Structures are given as structure tokens and as C-alpha cells.
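None of the figures in this text is laboratory data; all of them are computed from the coordinates on show. Model, not experiment: these values are computed from the prediction. Glycine also receives a Cβ, built like all others from the backbone with ideal geometry; neighbour counts cover every protein chain displayed.
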């Protein structure tokens, strides 16, 4: 495994960067969080998040265009037809991202206040958490147990 | 375990929201990513990221204020003293966040191009990945295996 000087490598196709192009926009991941909690209607998302309507609408459009969110029509009695928003499989796949941010925030930013939400395993009621392991079965790894190597998409940065 | 209508609950102390106040700013998590790759100097970060100097300087100041980054002086021969940036334990703790975003991006946004970076276990060389499990030892969980319950910090939203 040869040494890589990451300063020389391009970030152009970095999946972290690409993910953040979408998820790094204001409110985007908070919309995903609330959809995961079953909050699906524009008015409810607006009331809960406090994001302005145009910003919230823009985020939902972008999440829909990225295949993270699906717009589904519904109609309450005597009202005109509206849409609600549901996570697609691609959107539900963001659960580890939301969980990792939540765990970091709980550990470092909560000031002893206690977590407002706890995720538990439906099967047994025990608390759910993310962890790092390797494909050979070693578990409980941290960053110091890991090494970054160049993958098939690695390419040099052009100055 | 009683049903919670999350529309009625406050997000004011949500650790996801608090985490994103810091990490959701433009370039913040990409700076963390590059620090994890051992890129520590302002000029190198600037060249690699392409963020403007004022924006990059602001992000580094915020990450330092949040205890994620430490400024450490260094001096090259014949040059004035400068600073480089290193992750603190709190910063290294962001590894699962970066990994979770990376994995999602790899799965959904790479267009078959292949990952530019692969994280492997130093001990055995096998690929490192995040996973969800519960504290009772059940592994390989997805969002549908989980349920969100009110934690000790849960409180009602005020209209």
C-alpha cells in the first residue's frame, strides 16, 4: 500500500463533497430528519423547522430532484388536493448520516441536558448506535485504526 | 413506549441541528475531511478546497472555537512562524459523520466512477464501513428496524 500525498489529489469526485452539495444546504438534513420522524406535510415541516416557505420549498424540490424525497398527493375532506413528502429508499439510506451527526452532537454539544430523541431497536428496545467495523469482522474501530488509500476513482489534482 | 407526535415537539435542543449549526456551514465538513487526510496547512487547504481565503479562515476559526480544531505553530527555515491545524479528539470523533456521508455519496452519487478514497483497517487491510447496531448486540440494522422515542431532553414546542 503506497503512500499518497492527498494534497496532490483531486476532490472533484469526492463523494463527501457531492453528498454535501445536496445535504450541506441550509435545512436540507433537518428536513430529512423530520421526514424520518414521520412529519410529511409542508405546513407541519414549516411550523416545526421555522425555515421560510421559499427556502423550505426549494430544499424539498432539490431533495425530490436528487431522488431522496417523493411527492405524494393527498386530499383532506373539503380541501383542495395537496402533496406530502416521503423518503425514498435513497432518502432512508441517509439514516446513518443523521445518526452520526446526532451522536456527535449528543456527545459534544448537549451540555448535560439529555437527548430529546432516542432511537431504539424495534425488536428488543435497546438503544441503536452507529459503529465502525471492517469487512473482515473487526468491530469498534476508530479513525486511528484506519488508513486512507487511493481507490479506483483517485486522480491527480490539476494546478 | 408511548406514541409521540413529533410535530408537537421542540427541535430547539436537537443535537442534529446543533451539530449542523457548525458542520452545515459551507466547507466546514470538507475542511474536517481534509484534516483527516493529514492536510494541515492553510495554503494546502486553500489550494485543495478552492474555498476563498476569508471563508476558509472563518471556518477554521469556528472549528477552533468549537473545540474541533487546534492551531499549532510551526516554522519553516527562513520563514516567519505560521500555524497549522490539527483535529482534537472532538474533531476525530467526526470520523463516523464523514464516513456516513461518504458511503451515501459513493452508493448514490458516484455514477460508476469508483471511489477516490478507500478507508481500510490498519490491522488487516479490509475495508472499513459504518453500521447500525443496538446495545443488546443486534447488528446490521436499518431505519425500519428502529423507533424514535422521547429522551430525557424532550420538550414540547411552543407555538
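What list of whole percents do you get for P(r) of the protein assembly as shown, with Cα-Cα distances grouped in 10 Å bins up to the one holding the largest distance?
In whole percents, the pair-distance histogram is 5, 25, 34, 24, 9, 3, 0, 0.
Calculate, in nm to one decimal, what residue A:72 and residue A:89 gain on full extension: separation in residues at 0.36 nm each, minus their alpha carbon distance.
Extra length available between residue A:72 and residue A:89 comes to 4.6 nm.
Quick check on packing: order B:140-148, A:106-114 by the mean number of other C-beta atoms within 10 Å, highest mean leading.
With the highest mean Cβ count within 10 Å placed first, the list reads B:140-148, A:106-114.
Taking the highest mean first, how do the peptides B:151-157, A:73-79 order by number of other beta carbon atoms within 10 angstrom per residue? Could you put the intermediate results ahead of the total?
Numbers: B:151-157: 13.9, A:73-79: 7.7.
Listed from highest to lowest mean packing, they are B:151-157, A:73-79.
Shortest first and in nm to one decimal, what separations exist between residue B:12 and its copies in the other chains, measuring from label points 7 Å along the Cα-to-beta-carbon line?
Label-point separations across copies, in nm and ascending: 4.8.
Over all alpha-carbon pairs of region B:92-159, lay out the pair-distance distribution in 5 Å bins, whole %, shortest bin first.
3, 11, 15, 18, 19, 13, 9, 6, 3, 2, 0
Suppose only helical runs count, i.e. DSSP H with n ≥ 4. What mean residue ellipticity at 222 nm does that imply for chain A under -39500 (n - 2.57) per run, divided by all residues and rounded to the nearest 500 deg cm²/dmol?
Details: 6 runs with 58 residues, N = 159.
After summing the helix terms and dividing by the residues of chain A, the value is -10500 deg cm²/dmol.
Could you state, as a whole-number percent, how many of the C-alpha pairs of region B:11-156 are farther apart than 28 Å? Present the calculation step by step, with values, prior to reporting the outcome.
Working: 3580 of 10585 pairs.
Tail fraction, whole percent: 34.
On a 0 to 90 degree scale, rounded to 10, what angle separates helix A:95-109 from the longest Cα axis of chain A?
Roughly 80 degrees, rounded to the nearest 10.
Can you give the FRET efficiency for residue A:58 and residue B:57, using 1/(1 + (r/R0)^6), R0 = 25 Å, r = Cβ-Cβ distance, to the nearest 0.05?
0.30
Please report the residue of chain B with the smallest beta-carbon distance to the B-to-A rotation axis, and give that distance in Å, no decimals.
Reported as residue, whole Å: B:100, 2.
Taking only C-alpha pairs under 8 Å that are 6+ residues apart, what is the relative contact order of chain B in percent?
Across chain B, relative contact order equals 25 percent.
Residue A:110 versus residue B:42, label points 7 Å from Cα toward the beta carbon: distance in nm?
Calculated label separation equals 3.7 nm.
Mind checking the angle between helix B:53-65 and chain B's longest principal axis? C-alpha axes, 0 to 90 degrees, to the nearest 10.
60 degrees
Inside 10 Å of the C-beta atoms of A:29-40, what's the mean count of C-beta atoms belonging to other chains?
What the average comes to for A:29-40 is 4.
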